[in-house]
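K.L.:
What follows is a single structure, and I will ask about it in a moment.
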Amino acid sequence: MPRPDDPSQCDELDRLAARLRALPPSLGPVRLVAVDGHAGSGKTTFAGRLAAALGGAPVVHLDDLATHQEFFGWVDRLRSWVLEPLGRGEAAEFRGYDWVARDFRGARKITPAPVVLLEGVGAGRRALRPVLAALIWMELPAAEARARGLRRDGPELAAFWERWSAAEAAHFAADPSRPFAQVRVDGRTGRRLADRGN
């Protein structure tokens, strides 16, 4: 992706941020915006840059809610720990999953804000779309995203990536997010590719 200080990308992010702020709230007082895509597609980096363009918008990372046993079985946790409090205009406080200790340990706090970002694989899934103000898809082929993730995580996590890739492929086959995205972003450059006008 381009450097965070690339002026043209900053302008583009500012325009997207303004557009997101102008949407009607989708969850109580909050505009919940999902950033979805394959693991390794640049979701976390893009969500961080978009959060900054939004003036420090809170980001919910789905890696804090998934587990080794349930890569995609986090919907109930997300609803009760995060969505319900935010929908009432209250802070969401919960323990995030520690992928080394394999337990929920680290304290997380998400305060209600005009825009809250939900970042992670499956953020735009069917069960969540009714409470999303917008869905952003990071456009990067699965094989390229996986290669990027393996470079990032190192060979010691190759077996994990094998399991993850199979689970991710099954998830998106049964519950695709990409067709429902209002905005698509190039996972290589961080630039907006397509816009369905939401």
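K.L.:
Is it the case that some residue within the range 80-87 is touching a strand residue (DSSP E or B) at 6+ places or on another chain (Cβ under 7 Å), farther than 23 Å from GLY149 by Cα and surrounded by fewer than 20 Cβ atoms within 10 Å (Cβ to Cβ)?
P.N.:
There is at least one residue in the range 80-87 that is touching a strand residue (DSSP E or B) at 6+ places or on another chain (Cβ under 7 Å), farther than 23 Å from GLY149 by Cα and surrounded by fewer than 20 Cβ atoms within 10 Å (Cβ to Cβ).
K.L.:
Can you tell me which residue is surrounded by the fewest Cβ atoms within 10 Å (Cβ to Cβ) among those in the range 155-189 that are within 19 Å of the chain's Cα centre (by Cα) and of a type in the set (Asp, Glu)?
P.N.:
Going through the qualifying residues, I end up with ASP175.
K.L.:
So which helices (runs of 4 or more DSSP H) are wholly in the range 1-88 and hold at least 3 residues that are among the charged types (D, E, K, R)?
P.N.:
Once the helices (runs of 4 or more DSSP H) in the range 1-88 are filtered for at least 3 residues that are among the charged types (D, E, K, R), what remains is 7-21.
K.L.:
When you go through (1) touching a residue at least 24 places away in the same chain (Cβ under 8 Å); (2) surrounded by fewer than 16 Cβ atoms within 10 Å (Cβ to Cβ); (3) part of a strand (DSSP E or B) one by one for ARG95, which number turns out not to apply?
P.N.:
Only one criterion in (1) touching a residue at least 24 places away in the same chain (Cβ under 8 Å); (2) surrounded by fewer than 16 Cβ atoms within 10 Å (Cβ to Cβ); (3) part of a strand (DSSP E or B) is unmet by ARG95, namely (1).
K.L.:
Looking only at the range 101-134, which residues are open to solvent by less than 10 Å² (accessible area, probe 1.4 Å) and in a loop (DSSP other than H, G, I, E, B)?
P.N.:
Selection gives GLY120, GLY122, ALA123, GLY124, LEU128.
K.L.:
Related question: Would you point out which residue out of ARG192, ARG152 is modelled with pLDDT under 95 and surrounded by 15 or more Cβ atoms within 10 Å (Cβ to Cβ)?
P.N.:
Residue meeting the stated conditions: ARG192.
Results for (1) open to solvent by 70 Å² or more (accessible area, probe 1.4 Å); (2) in contact with a Lys or Arg (Cβ under 9 Å, 6 or more places away or on another chain); (3) over 29 Å from ARG188 (Cβ atoms), shown as yes or no for each residue.
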site: LEU27; (1), (2), (3): no, no, yes
site: LYS43; (1), (2), (3): no, no, no
site: ALA57; (1), (2), (3): no, no, no
site: LEU65; (1), (2), (3): no, yes, no
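The values are calculated or read from the model by the stated rules, or taken from the named source; none is laboratory data. The shown structure was predicted, so the numbers you read here are calculated from the model rather than taken from an experiment. Every residue, glycine among them, receives a Cβ derived from its backbone with ideal geometry; neighbour counts consider all protein chains shown. Ligands, DNA and RNA are stripped out before the accessible areas are found, and what is left, the full protein with its side chains, is counted by its heavy atoms. Shrake-Rupley method; radii C 1.70, N 1.55, O 1.52, S 1.80 Å.
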